[in-house]
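The values are calculated or read from the model by the stated rules, or taken from the named source; none is laboratory data. No experiment lies behind these values; they were computed from the predicted model shown. All Cβ positions, glycine included, derive from the backbone under ideal geometry; neighbour counts span all protein chains shown.
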Amino acid sequence: MRQSQRLLLFIHLWIVGLKGISCFTTTPFREATKSAFSTPTRQVPTTWLRESASSHDSSEVSLDDQLMQIARKLKLHVLDLEEGVFGFGTNDYKYGLEVVRSEVNIQPSLGLDLMEMAAGFDGRGLVLVSGVHGNAAKASIPIHLGDTLTGVTVGHSWKERTTGLDYDLTVEAIGKAKEEAAKQRTNKISLEFNRLVPRARVQVQVVSSDENMPEQTIDGLAGENLRELLIRKGVKVYDRKTKRFDTPYATGDCGGEGICGTCLVAVLEDENNILSPRDNLENLITKKRPLNWRASCRAVVGVHNVGGKLKIQTCPQSAFLEELDPGVRSVNAEED
Ligand code: FES
């Protein structure tokens, strides 16, 4: 790994903490790939390679470089410092993280190589899969180079979290899992990974209820909130004809919290089912509305990273001469 790459990663790989920001700036990288269960690494495609394969010859890119490109896009968040809860995010909005769980046999060996890309003084670090062979190559769900291990489970109840641990602690957790598997008399453990994936593209064709407004098509990425996407692209989301459930005590919209019911859109086409299903809150606030009306602040486009086209009409309530009744009066009233 070249020195310039290491420095670059140090700059990019930040731990965002509750009390400020710290980063891996002082501890050197481990010099070479450490193989947890050492046998020579078999080269299998990384997620990154799959994505870039069409644009250039991936065989020219070394494994180190591929892993470095993945590492640069990952960011470790401190979700709860006291409880030690960490989670990965991405530095690049064009990428998201998938959670992959895969069962692997541990005897005679796991067959997984790990590479530490960065490490701090506190046991935190970034470790990526750098080789998959033996049992790991026959895992129930394929493991990719560049995946980062976030947890190990044995049986139904034993679990060790490994999110953002350095190499030594990650290997220690796997070792404990092997011991636990022996106690439980099983040859299987379950590995959980975060996998960097390019977010699928979504196209939203927007028909306005205002006849004077032309149709427009906006582009987004899988995982975006529909209301936020529309607002970001300058599409008018709200209409004064939608009453809040707490009218007349409150006016305006709730800012996307899913409690006012004023951000309605009518879904005209959704051929790939790219909109997320309704949750209970959305069911409440759209209860007295046509079935194809959605609360845009509760809907996510490209759910499960599926891309495709969506056609919606904004402010469908505008077509009604009279103001519509509030969707719900209150959550308590629904329960009565
Ligand atoms: S903005 Fe209030 S429910 Fe959507």
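A few remarks follow.
- Residues of segment 195-221 that turn out to be surrounded by 17 or more Cβ atoms within 10 Å (Cβ to Cβ) and among the charged types (D, E, K, R), as a count: 2
- Check on Leu110, at pLDDT 90 or above, assigned to a strand (DSSP E or B) and surrounded by 15 or more Cβ atoms within 10 Å (Cβ to Cβ): no
- The residue of segment 98-107 that is nearest to the chain's Cα centre (by Cα), among those that are surrounded by fewer than 21 Cβ atoms within 10 Å (Cβ to Cβ) and in a strand (DSSP E or B), is Glu98.
- The set of residues from segment 197-214 being within 20 Å of Ser296 (Cα to Cα) and of a type in the set (Val, Ile, Thr) comprises Val202, Val204, Val206, Val207.
- Test: residue in segment 241-263 that is modelled with pLDDT of 90 or more, away from the ligand (no atom under 13 Å from the Cβ), surrounded by 15 or more Cβ atoms within 10 Å (Cβ to Cβ) and not hydroxyl-bearing (Ser, Thr, Tyr): no
- Residue match in segment 266-274 (condition: within 16 Å of the ligand (Cβ to nearest atom) and either in contact (Cβ under 8 Å) with a residue 40 or more places away in the chain or not small (Gly, Ala, Ser) (or both)): yes
- Residue count for segment 182-208, restricted to those that are of a type in the set (Ser, Thr, Tyr) and within 16 Å of Gly234 (Cβ to Cβ): 1
- Top-ranked residue of segment 264-274 - restricted to ones that are of a type in the set (A, V, I, L, M, F, W, C) and part of a strand (DSSP E or B), ranked as modelled with the lowest pLDDT: Leu264
- Extreme residue, nearest to the ligand (Cβ to nearest atom), among residues of segment 275-301 that are assigned to a loop (DSSP other than H, G, I, E, B) and polar (S, T, N, Q): Thr286
- On inspection, Thr262 does not qualify as assigned by TED's automatic domain parsing to the domain that holds Val127 and among the β-branched types (Val, Ile, Thr).
- There is no residue in segment 200-214 that is of a type outside the set (Gly, Ala, Ser), without any contact (Cβ under 8 Å) to a residue 12 or more places away in the chain and not assigned by TED's automatic domain parsing to the domain that holds Val300.
- Every pair of residues 6+ apart whose Cβ atoms lie under 8 Å, when the first sits in segment 286-312 and is modelled with pLDDT of 95 or more and basic (Lys, Arg) while the second is within 13 Å of the ligand (Cβ to nearest atom) and in a strand (DSSP E or B): Arg294/Leu264; Arg294/Val265
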